[in-house]
1. Among the listed residues ILE21, ILE14, ILE38, which satisfies the condition of being within 18 Å of the chain's Cα centre (by Cα) and under 22 Å from SER122 (Cβ atoms)?
2. Which is surrounded by fewer than 14 Cβ atoms within 10 Å (Cβ to Cβ) and either outside the structural domain of MET94 (by TED's automatic domain parsing) or modelled with pLDDT of 95 or more (or both), of GLU22, GLU12, GLU16?
3. Considering every residue within region 110-124, establish whether at least one is under 23 Å from ALA23 (Cβ atoms), at pLDDT 60 or above and not basic (Lys, Arg).
4. Kindly provide the set of residues from region 11-56 that are over 21 Å from ASP68 (Cβ atoms) and touching a Phe, Trp or Tyr at 6+ places or on another chain (Cβ under 9 Å), ordered by number.
5. Can you report the number of residues in region 30-57 which are without any contact (Cβ under 8 Å) to a residue 40 or more places away in the chain and over 30 Å from GLU16 (Cα atoms)?
6. Among strands (runs of 3 or more DSSP E) lying entirely in region 1-101, which contain 3 or more residues that are charged (D, E, K, R)?
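The values are calculated or read from the model by the stated rules, or taken from the named source; none is laboratory data. All values reported here derive from a predicted model rather than from experimental measurement. Here the Cβ is made from the backbone with ideal geometry for all residues, glycine too, and neighbour counts use every protein chain on show.
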Amino acid sequence: MSERRSMEIIIEDIPEEGLAIEATEDDQWLEFAVRDAIGEACDEGCEAKLSVSISGVEGTVTVDGDVDIVSHPICDRCAVVFSEGGRFHIHALMAPKYESERQRRMEQNLDVEIVEEDLEFSYYEGDRFDLADVVREQVALAQRMKHLCREDCAGLCQRCGKNLNEGPCGCPKEEGSGQFAALREMRKAGGTKN
């Protein structure tokens, strides 16, 4: 059985009242989209629940909704895998590609000034688009730059590698390290006065 990595939406099949799509990580296309967007944070498994509405007017398509994701990233300070949940808003406006000569010129990297409207739209080719691509892009763009198991994570000891969230490690503290080490050295040498 082949793995389903896409969720194609045919534009002309979108009803006038719109289309509602619900999915979970049990739907292979959503599982792959989330895994592609989040990466190794899904190595321990991910939970995902998507709810979006899709509407279309004269070829322009709007996708709007939310995806709730529970992933298991590695803390950037202490290297512990932890559970992290979040809701990501999905909002995309899509128009047919090459709707105008302006789009053709942009695609060919010809001299075209980019206006704000160009940044608001994505484009689809033909008579359909892949909802998995929209979800993947939106989730990837919304990812945090740093993952912390908790705000006050103490990290790892730079000498012995012990997780300092579990308590002190017993390594002697280095007086000469840190951002003010040069000033302390000057003070000891008598270079500054109080």
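1. On inspection, the qualifying residue turns out to be ILE38.
2. GLU22
3. yes
4. The answer is ILE11, and nothing else.
5. 9
6. 60-71
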